[in-house]
There are 2 protein chains.
Amino acid sequence: MFQAQIFVTLKPTVNDPQGLTVMASLHRLGFNNADDVRVGKYLLVDVNEADRAEAEHSVTHMCEQLLANPVIEDFRFDLVEIPNATGTS
Amino acid sequence: MFQAQIFVTLKPTVNDPQGLTVMASLHRLGFNNADDVRVGKYLLVDVNEADRAEAEHSVTHMCEQLLANPVIEDFRFDLVEIPNATGTS
């Protein structure tokens, strides 16, 4: 069993109004050292697969079909092996 | 200059309706190997500080004051040194 740690970020060329808003708020709070803010998503998905390649294939498809918008977002992920609670793998 | 890669996640005991919705959607798309989904935030903040300890201190306060809700969320971050565009550090 694997846990996929998925990072979904806006492509560098895409405008990020949420990031700009966060940066403005940081400046208002006195954090004038904040130069640039980009906001993305961080998803943790437990994948019930014994084989790393199978899990990788599955998570790539999850990202392409649901978790990321390929027009404006990039994604990457790490797979971490976790012990299976049921004892089977 | 440093880039802070900040992960904000719901505390393990807090219910995650967004994660449950994503998991239901994954199952509907045929990804029956998705066992658990948690949704968090991933923020990239460029911090204009020459000193790593200063940057760390600053980012910790940003998280505590704005980026994470300490009642229901945990945060952690990595600091990556990046070249300063202006040539000063």
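The values are calculated or read from the model by the stated rules, or taken from the named source; none is laboratory data. Here the structure is a predicted model, which means the values were calculated and not measured. Every residue, glycine among them, receives a Cβ derived from its backbone with ideal geometry; neighbour counts consider all protein chains shown. Side chains included, ligands, DNA and RNA excluded: accessible areas come from the protein's heavy atoms. Shrake-Rupley method; radii C 1.70, N 1.55, O 1.52, S 1.80 Å.
Regarding A:Gly40, is this residue at pLDDT 95 or above and at positive phi? First the steps, then the outcome.
Working: at pLDDT 95 or above: yes; at positive phi: no.
So A:Gly40 fails the test.
Give the number of residues within the range B:26-46 that are surrounded by fewer than 18 Cβ atoms within 10 Å (Cβ to Cβ), part of a loop (DSSP other than H, G, I, E, B) and facing another protein chain (nearest Cβ under 7 Å).
So the answer is 1.
Name the residue that is farthest from A:Ala24 (Cα to Cα), counting only residues in the range B:6-25 that are surrounded by fewer than 18 Cβ atoms within 10 Å (Cβ to Cβ) and among the polar types (S, T, N, Q).
B:Ser25
So which residues in the range B:1-16 are within 11 Å of chain A (Cβ to nearest Cβ) and in contact (Cβ under 8 Å) with a residue 24 or more places away in the chain, if there are any at all?
Start the filter on the range B:1-16 by keeping residues that are within 11 Å of chain A (Cβ to nearest Cβ), which leaves B:1-10, B:12, B:16.
Correct list: B:Met1, B:Phe2, B:Gln3, B:Ala4, B:Gln5, B:Ile6, B:Phe7, B:Val8, B:Thr9, B:Leu10.
Kindly indicate whether any position in the range B:65-82 is within 11 Å of chain A (Cβ to nearest Cβ), at pLDDT below 95 and open to solvent by less than 70 Å² (accessible area, probe 1.4 Å).
Residues of the range B:65-82 within 11 Å of chain A (Cβ to nearest Cβ): B:65-67, B:75-76, B:82.
Then drop every residue that is not at pLDDT below 95, which leaves B:82.
Subsequent filtering for residues that are open to solvent by less than 70 Å² (accessible area, probe 1.4 Å) retains B:82.
Checking the range B:65-82: at least one residue is within 11 Å of chain A (Cβ to nearest Cβ), at pLDDT below 95 and open to solvent by less than 70 Å² (accessible area, probe 1.4 Å).
What are the residue pairs meeting all of these: first residue in the range A:57-76, first residue under 14 Å from A:Gln5 (Cα atoms), second residue part of a loop (DSSP other than H, G, I, E, B) and aromatic (Phe, Trp, Tyr), Cβ atoms under 7 Å, and 6 or more apart or on different chains?
A:Ser58/B:Phe31; A:Met62/B:Phe31
Can you find, within the range A:47-59, the residue that is farthest from B:Ser25 (Cα to Cα) among those that are assigned to a helix (DSSP H, G or I) and open to solvent by less than 40 Å² (accessible area, probe 1.4 Å)? Walk me through it before giving the result.
Quick first cut of the range A:47-59, residues assigned to a helix (DSSP H, G or I) only: A:52-59.
Checking the rest, the ones that are also open to solvent by less than 40 Å² (accessible area, probe 1.4 Å) come to A:55, A:58-59.
On the way: A:Ala55: 18, A:Ser58: 14, A:Val59: 14 Å.
The extreme case among them is A:Ala55.
Just checking, does the range A:7-19 include any residue being closer than 24 Å to B:Leu79 by Cα and of a type in the set (Lys, Arg)?
yes
Among (1) open to solvent by 40 Å² or more (accessible area, probe 1.4 Å); (2) at pLDDT 95 or above; (3) hydrophobic (A, V, I, L, M, F, W, C), where does B:Ala85 come up short?
Result: B:Ala85 fails condition (2) only.
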